[in-house]
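Report on the following structure.
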Amino acid sequence: MAVHQANAGLPAQAQTVPLRAWSVLAASTLAFMVCFVVWMMFGVLGVQLRADLGLNSTEFGLLTSTPVLTGALMRLPLGTWTDRFGGRIVMTVLLVVCAVPVYVVSYATQLWQFLVIGLFLGCVGASFSVGTPYVARFFPPQRRGLAMGVFGAGTSGAAVNLFVTPLLLNAYGWRVVPRIYALALLVTAAIFWLASAPDPGAGKRGGSLLDSFKVLRDPRVWRLCQYYSIAFGGFTALSLWIPQYLKNEYGMSLVMASAFAAGFSLPGGVLRAIGGWLSDRYGAHAVTWWGLWVAWISLFLLSYPATDFVIHTIDGTAALKLSMPVAGFVALTFVLGAVFAFGMASTFKYVADDFPDNMGVVTGIVGLAGGLAGFLLPILFGMLLDFARVRTTCFMLLYGIVWVSLILIYLTEVRRTPVTG
């Protein structure tokens, strides 16, 4: 009965949302999407750089994941600064400052140079912890799940990267790509400043950055870190890894491999708004739990490597070959990208509902956990590939992580709460 009444009130609530809030949401989503394109560009450029620099799988994983590290580490301080100075100011400064290291990438010639510059340009990945609390403050609680989902659709920048970067690379060479993206950051900063509004929550929280860590005493924060490390960490890592996986496993060109890889990244971005709506309607808890089960099944199927069987029959031997066709791979990664999107949206529905006065800080902490997972996973993918020489080991690793996480979530939360929605 309570759920029915809450949902019945949504249209009235939607009418009370001012036009300024929608403008802030649109500007913030654009800024986040452009930041995500830049943050993920090594996933495509890295394939060319791997050939030019002669990198092994582990070095390739390190190259692609280095920007993710600083994007993760900067989420907490940027989330805290957003609470203090306001999202409009912090986001604009971030876009302008990060244009410099992005441009400098075009002059790098050695792996260590790409790694050092990647640490600086990776700060754009922290834009999420700026936009999330900033956008949430303009919307009533009944609409925050949808607003967070729409803003989170900026992760579709991973798909934009997979479409645009290969075309720019083939047309102009890889050194032109970061120069174009640096200009895009500056243009986006101007658009964002003009279309956004002062943050109504700026300056309402005091204390130092060290004080922000006090929220870690709340066990709910640790659970949210666990959820987000699966959803966002898995999404980020696979967005970086799948292009080269398709290129090597199926013998595709980089352009074609990137286009097929967008079948994972695109739903991971654009369907996030649906995840927010589902979280508003059925609760973040139910969306997170059932999404993990779908991810578990998808990863189990993706984990199985190409295998040849020899079957002894009464007439002799028969050969049977099992392998994942391209169509099956694209379909399963599409589903996986969608449930990761739902998981990302449901996590921040939790944040908005449970920590309305500490959204910037909690967003930063949770984002830090997800970003660190996104940093470590590509490196682990490369190490497993170099060791086992089986490309599907990346999905095997994620399958195991999701399996363990399902057990932990059941023990800590599901037993005490209905999950039927």
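All of the numbers you see were taken from the coordinates with simple rules; none came from a lab. Here the structure is a predicted model, which is why all the values come from computation and not from measurement. Here the Cβ positions follow ideal geometry from the backbone for every residue, glycine too, while neighbour counts run over all protein chains shown.
Summary of computed values
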| read-out | value |
| --- | --- |
| Taking Tyr227, Tyr245, Tyr134, Tyr282 and counting other C-beta atoms within 10 Å, the order from fewest to most | Tyr282, Tyr245, Tyr227, Tyr134 |
| Hull volume in cubic angstrom per residue (convex hull over the Cα atoms of region 172-328) | 238 |
| Protection proxy ranking, peptides 334-343, 283-292, average beta carbon neighbours within 10 Å, highest first | 334-343, 283-292 |
| Cα-projected label distance for Lys214 with Val100, points at 7 Å along beta-carbon direction, nm | 3.4 |
| Cubic angstrom per residue, convex hull over Cα atoms of region 70-176 | 106 |
| Efficiency of FRET between Asp308 and Leu194 - r from beta-carbon atoms, R0 60 angstrom, step 0.05 | 0.50 |
| Peptide ranges 59-66, 178-185, 17-24, 303-310 listed from the most packed, as the mean C-beta count within 10 angstrom indicates | 59-66, 178-185, 17-24, 303-310 |
| Sorted by Cβ density within 10 Å, fewest first, the residues Lys214, Lys349, Lys321 | Lys321, Lys214, Lys349 |
| Gyration tensor verdict on the chain (Cα atoms; rounded if a/c is under 1.5, prolate if a/b is larger than b/c, oblate otherwise) | oblate |
| Separation between Cα centres of region 250-282 and region 339-371, rounded to whole Å | 20 |
| Cβ-placed point charges (K, R +1; D, E -1), dipole of the chain about Cα centre in debye, nearest 20 | 720 |
| ³J(HN,Hα), Karplus 6.51/-1.76/1.60, whole Hz, each residue of region 268-275, x for Gly, Pro | x, x, 6, 7, 5, 5, 5, x |
| Order by protection proxy (mean Cβ within 10 Å, highest first), peptides 380-389, 229-238 | 229-238, 380-389 |
| Charge context of Leu111, other residues only, Cβ under 12 angstrom, K/R +1, D/E -1 | -1 |
| FRET efficiency, 1/(1 + (r/R0)^6) with R0 60 Å, evaluated for Thr412 and Leu183 via beta carbons | 0.80 |
| Lysine pair number, Cα distance threshold 29 Å (strictly under), the chain, separation 8 or more or different chains | 4 |
